Each structure stands twice: as structure tokens, then as C-alpha cells.
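The values are calculated or read from the model by the stated rules, or taken from the named source; none is laboratory data. Everything numeric here is computed off the predicted structure, so don't read it as measured data. Please note: Cβ atoms are built from the backbone with ideal geometry, for glycine as well, and neighbour counts cover all protein chains shown.
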Amino acid sequence: MSQSAAEDLSHVENWIFDLDNTLYPPVCNLFSQVDQRMTAFITALLDVDEVEARRLQKTYYVDHGTTLSGLMAVHGMDPAEFLDYVHDIDVSALPPDDALGQAIAALPGRKVIFTNGTVAHAENVAGQLGIAHVFDGIYDIVSTGYEPKPRHVAYERFLAASGIAPRRAAMFEDMARNLAVPHEMGMRTIWVRPPFPSVDETARHLLIAHEGSDGDHIHHVTEDLTGFLKAVQLAMSAATK
Ligand SMILES: [Mg+2]
């Protein structure tokens with residue numbers, strides 16, 4: 001942690017955290033469960049085989065930003081059933097993370113989760129991590145009218161719903177591209193960098209997480225969220241003494 005990173009965040013009163021692969025490391029591979037359940041849902045919804053379902057899943061992701069958005073736009077799918085199904089996963093592989101919970105709790109101001117998943121999924125994951133109690137709110141894909149990050153309108157609706165002033169906020173994300181709009185809006189941005197994957201199918205989302213990561217919309221980078229937050233909090237509390 002450089003002094004400048006702590007100084008740069010000294011005005012922040014709202015701490016916004018993405019959920020998946022940000023509050024827990026991607027090695028836990030929860031996303032692959034969601035990914036597989038999406039394929040299964042599409043197979044049943046469109047009465048196609050698994051290969052075709054995978055192809056559509058990827059195509060919609062690329063063309064519409066999320067698979068959900070593509071299914072809604074192209075097939076008029078009801079999002080609620082899809083979201084419930086794909087997030088019905090086993091999170092027991094996630095180890096509790098008291099250190100992260102304490103680091104977030106010690107930050108001055110408000111802490112919220114902003115996820116392209118659902119509130120139920122966020123509660124499930126944060127509950128397993130043992131950190132649910134440190135957050136003041138959860139904002140999900142339903143609260144944005146099913147508009148996902150990185151779409152501009154998703155952040156507009158998030159800010160309207162939460163009442164957060166972007167110039168007093170910092171956002172933490174593993175997907176570099178999801179930090180472009182927050183940067184434009186005046187938030188400070190911290191990319192929680194996932195490992196760069198070997199080229200294999202199950203790690204596709206890690207590759208996508210790195211896309212655009214060399215842009216100037218990334219203000220800070222860390223591979224250790226807990227360590228980063230502790231250092232910021234220590235520097236902030238030292239500065240006010
Ligand atoms: Mg994420």
C-alpha cells in the first residue's frame with residue numbers, strides 16, 4: 001500500500017463491493033456452478049442440446065453483456081425463475097473470512113454490495129463467509145430493473161436507489177470493465193485482480209475479468225482485498241489523529 005492510495009481514498013464515505021470473485025477468491029470456483037446451471041436452464045428452456053445451449057450462453061454473454069440479458073431480449077424470458085435457478089448453488093466450499101469482515105467493518109462510513117446476482121445469492125455467499133453483518137445494504141440485478149453492470153443505466157439506478165454520492169464512493173470489482181462507468185461518474189476504483197488463467201474453458205470468466213484492465217479507469221489494483229482495506233483504514237485513522 002502506497003501512502004498515495006490511502007490519501008487518494010481519504011474522502012471516501014461509501015464503500016461499494018462487487019460480490020462474486022471480489023469478496024471471495026475465484027479459486028473457490030463458485031462461478032463454474034452458476035455457469036453449469038445456466039447451461040442446464042437454457043437446455044430445458046429452449047429444448048436444445050448442451051452444446052447448443054453452451055453456444056447460446058456465450059453468444060448472449062458477448063452480444064448482450066450477460067446471458068440473462070440475451071435470454072430476455074431474444075426469447076422474452078422471465079428473469080426471476082432463471083436467477084433463482086442459476087444461483088441455487090452449494091457455497092459450503094467457501095471458508096469463513098473473519099479478517100475480511102473485520103477489515104470492512106473498520107472502514108469509516110457505509111458499506112454495500114452491488115452485484116449482478118440476486119440478494120438471495122449475496123446473502124447466501126456473505127452468510128457463508130460470515131461477513132453479512134458488516135454491510136448496510138445489498139443492491140442486486142432486480143434493483144436495477146435487470147440492467148447489469150457494466151451498463152451505464154445499472155449504475156444510475158444503483159446510485160438513485162442507494163442515495164450514494166459517487167464523488168464520495170469507492171468501488172471494488174474483479175471485472176476490470178465494470179469499473180469504467182464508476183470512474184466516469186467520479187468514484188474511486190479498485191480492481192481486485194484475479195489470477196491470469198491458463199487457457200481453459202472453466203476459467204473463461206477470469207480472462208474476461210482482465211479485459212480492459214490497462215485503462216486509466218483503474219485507479220488502484222490489489223490481489224489482497226483484506227490487506228488493502230486494513231492499510232487504507234490504518235492510514236485514514238492515523239491521518240485523523
Ligand atoms: Mg465479480
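Below is a table of values for the structure above.
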{"read-out": "Residue list for the range 1-60, filter: β-branched (Val, Ile, Thr) and within 16 Å of the ligand (Cβ to nearest atom)", "value": "Ile16, Thr22, Val27, Val34"}
{"read-out": "Residues satisfying the stated conditions in the range 66-86, i.e. out of contact with any Phe, Trp or Tyr (no Cβ under 8 Å at 6 or more places or on another chain) and either crowded, with 20+ Cβ neighbours inside 10 Å or over 28 Å from Ala161 (Cα atoms) (or both)", "value": "His75, Leu83"}
{"read-out": "Where Ala103 falls short, out of the listed (1) closer than 18 Å to Asp35 by Cβ; (2) not assigned by TED's automatic domain parsing to the domain that holds Tyr61", "value": "(1)"}
